[in-house]
Amino acid sequence: MAFSINLNTPRFTARLAVNDTVSTQHMLAVLADKQGSGEFIDSCNGNIKAAFSMLIAEKLFTIQHVLGVKSPEQLAIRFNNLHPNLARIYTQGVSDWGIKVINLQPAIAFEFIPMEQSA
């Protein structure tokens, strides 16, 4: 079943659409292979779809941040080349995509300043 998800982490915010070509069994297999410790599943309270989306978004953000990829098209191409077994990221003209990146950006940093210091 297709779904979209909003993810908010201390490092990034993301919105992904997952196509129905990505099955729950595939998500579990990927999580078992890439995150054998179950860290993402635990942090998502056992929600397989959320944990899978977190894993994908984490890898996308790492590519974007570490390699400095700015273009969504180049990000998708780079991800598909580096992680061919996870799920194909949507690029123009591809019909067998598994995930579409709607939004991916660094998290907004907030700073709290006591009122005495700001005056």
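Values as computed for the structure displayed
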| quantity | calculated |
| --- | --- |
| Full-extension gain in nm, His65 to Thr91, via 0.36 nm per residue minus C-alpha separation | 7.4 nm |
| Per residue accessible area of the chain, 1.4 Å probe, in Å² | 63 |
| Ellipticity estimate at 222 nm from DSSP helix runs (n ≥ 4, -39,500 (n - 2.57)) divided over the chain, nearest 500 | -12500 deg cm²/dmol |
| Cα Rg over Rh - the chain, Kirkwood | 1.06 |
| Cα long-axis angle, helix 24-34 against the chain (0 to 90 degrees, to the nearest 10) | 70 |
| Carbon plus sulfur fraction of accessible area for the chain, probe 1.4 Å, in percent | 52 |
| Local electrostatic count at Arg88 - Lys and Arg +1, Asp and Glu -1, tallied over other residues with Cβ under 15 Å | 0 |
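The values are calculated or read from the model by the stated rules, or taken from the named source; none is laboratory data. Since the structure is predicted, the reported quantities are computational estimates derived from the model, not experimental observations. Because the Cβ atoms are built from the backbone with ideal geometry, glycine has one as well, and the counts that use them run over all protein chains shown. Quick note on the areas: whole protein, heavy atoms, side chains included, nothing else; ligands and nucleic acids left out. Shrake-Rupley method; radii C 1.70, N 1.55, O 1.52, S 1.80 Å.
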